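Novice: A single structure is presented below for examination.
The values are calculated or read from the model by the stated rules, or taken from the named source; none is laboratory data. Everything numeric here is computed off the predicted structure, so don't read it as measured data. Note: ideal-geometry Cβ built from the backbone for every residue, glycine included; neighbour counts use all protein chains shown.
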Amino acid sequence: MQSLHTMVFDRFCEDGWCYWADMLFRRNYWEWRDQPCRVIILRIDLKKFSLSKSQRKCLRRNEDLTVQRRAIHITPTHEGLFARHAQRFAHNRPMSIYGFFSFFSSIMPCLGMQFDTYQGSQLLATSYFHVGRKSVAGNYCIYEPGQEGRSLGTFTMLKEIEFAIESGRQYYYPGFVYDLPSEFDYKLNFNGLEYFDWWGNWYPIERLPVRDWRGAWTI
């Protein structure tokens with residue numbers, strides 16, 4: 001990996017590529033809970049984005065938190081938070097934060113940022129994202145177990161979207177979900193959502209507040 005011009009990074013995002021440990025990759029099939037599945041790449045058209053009622057509640061619920069933005073810099077505190085957060089995954093549990101990031105993630109493939117979210121002096125959550133010329137691409141979020149009621153994955157994603165809008169970006173890329181229910185389904189609960197068809201086209205889809213974990217969702 002080498003540093004990319006921000007417009008080149010935008011082009012990769014538009015073509016369905018995601019960032020992972022100083023690597024750009026994409027895949028349209030995977031396996032989740034021992035079942036083959038399709039990978040659905042998502043983005044949000046920020047001109048069409050608006051807060052839902054539940055998202056407004058999420059922001060109000062977390063008004064007591066402080067969010068600090070800085071270049072990606074992983075400390076032992078983040079390593080510990082990652083290890084605790086990883087315990088929520090019964091399937092395909094990640095082993096190390098360095099499976100997702102490296103010491104160069106702040107500059108590769110372009111500017112990498114993080115939001116550290118505190119309650120007082122306690123770090124409750126950290127989300128990571130990269131910034132292109134007209135896009136912001138979310139990478140990963142970790143949060144303290146026992147804080148599920150705060151919906152910190154949604155909260156930090158809303159903060160990244162807020163940053164993208166305020167900085168004049170056009171698109172926000174939250175990564176992917178599967179056509180099977182998974183822990184990543186909160187990404188479907190956003191207005192202005194689009195999906196990639198693997199032929200270079202993006203099509204709008206309706207916000208999906210709830211997905212039945214007993215069934216499958218198909219595009």
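Novice: Name the residues in the range 1-27 that are assigned to a loop (DSSP other than H, G, I, E, B) and closer than 13 Å to H130 by Cα, would you?
Specialist: Correct list: S3, L4, H5, W17, W20, A21, D22, M23.
Novice: Among the residues of the range 116-139 satisfying the criterion of being in contact with a strand residue (DSSP E or B) (Cβ under 9 Å, 6 or more places away or on another chain) and surrounded by fewer than 21 Cβ atoms within 10 Å (Cβ to Cβ), which is nearest to G168 (Cα to Cα)?
Specialist: K134
Novice: Within the set of pairs 6 or more residues apart or between chains, which connect a residue that is modelled with pLDDT of 95 or more and of a type in the set (D, E, K, R) inside the range 46-60 to a residue that is surrounded by 14 or more Cβ atoms within 10 Å (Cβ to Cβ) and not in a helix (DSSP H, G or I) with Cβ atoms less than 7 Å apart?
Specialist: Hits for this filter: K48/N191; K48/G192.
Novice: Only one of (1) at pLDDT 95 or above; (2) in contact with an Asp or Glu (Cβ under 8 Å, 6 or more places away or on another chain); (3) within 22 Å of W17 (Cα to Cα); (4) of a type in the set (A, V, I, L, M, F, W, C) fails for M157. Which number is that?
Specialist: (2)
Novice: Still on this model: May I ask you to list pairs of residues, at least six apart or on different chains, whose Cβ atoms are under 6 Å apart, with the first in the range 106-118 being free of Cβ contacts under 8 Å to residues at least 40 places away in the same chain and the second being outside any loop (DSSP other than H, G, I, E, B) and among the small types (G, A, S)?
Specialist: Listed pairs, sorted by first residue: S106/A71; S106/G112.
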